[in-house]
1. Restricting everything to alpha-carbon atoms, can you work out Rg to Rh for segment 9-105 with a Kirkwood hydrodynamic radius?
2. According to the Cα gyration tensor, what semi-axes, each the square root of 5 times an eigenvalue, does the equivalent ellipsoid of segment 69-110 have, listed from largest to smallest in whole Å?
3. For the residue pair C67 and D54, what label-to-label distance in nm results when each label sits 7 Å from Cα along the Cα-to-beta-carbon direction?
4. Segment 5-72 to segment 75-99: how many Å between their Cα centroids?
5. Would segment 62-131 count as rounded, prolate or oblate if I go by the C-alpha gyration tensor, calling it rounded below 1.5 in a/c and otherwise prolate when a/b exceeds b/c, oblate otherwise?
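Quick note: the coordinates plus some simple rules give every number you see, no bench work behind them. Computed from a predicted structure; not experimentally measured. Cβ sites come from the backbone with ideal geometry, for glycine too, and all protein chains shown count toward neighbours.
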Amino acid sequence: MTESSNYTRLYTRTVVDHFWNPRNMGSMDEPSGVGRAINRACSDVVRLFIKVEDGVITASQFQAQGCVACVAAASMTTELVVGRPVDEGEVQKSEVIEALGGLPEKKVECSLIAPNALREALADYTARQEG
Ligand code: FES
């Protein structure tokens, strides 16, 4: 049995695709906001960057140390957030899971890390504007 067929049994095709071909992976030069979140159960972590221009999130990148669900959810979160007004920038857990076509119940917690990192990035953006 190949490694990828193990993943395919547990995860949707979309999850597997976003894990093997993550969108927007890597750090960002001169981000407008940066956030970091951790899954306390396993200590896996996501760092998420946003670029904001004229009140709209125009780009997002992420770095992750995590499992298949964590990486796929981070990739999907960066896709979902681009184009949103910054004051409506939060991505809900349910949006990520739906966009991924579902996740095994035991992996739902892993999908929260990226939306939480995004929330921190939005807060960082706001703090920079106020500072
Ligand atoms: Fe750590 Fe999934 S096992 S994020």
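1. Details: Rg = 13.1 Å, Rh = 13.6 Å.
My calculation puts Rg/Rh at 0.96.
2. Working: eigenvalues 80, 17, 13 Å².
Equivalent ellipsoid semi-axes, largest first: 20, 9, 8 Å.
3. Result: 4.3 nm between the two label points.
4. 11
5. On the way: a/c = 2.50, a/b = 1.84, b/c = 1.36.
In terms of gyration-tensor shape, prolate.
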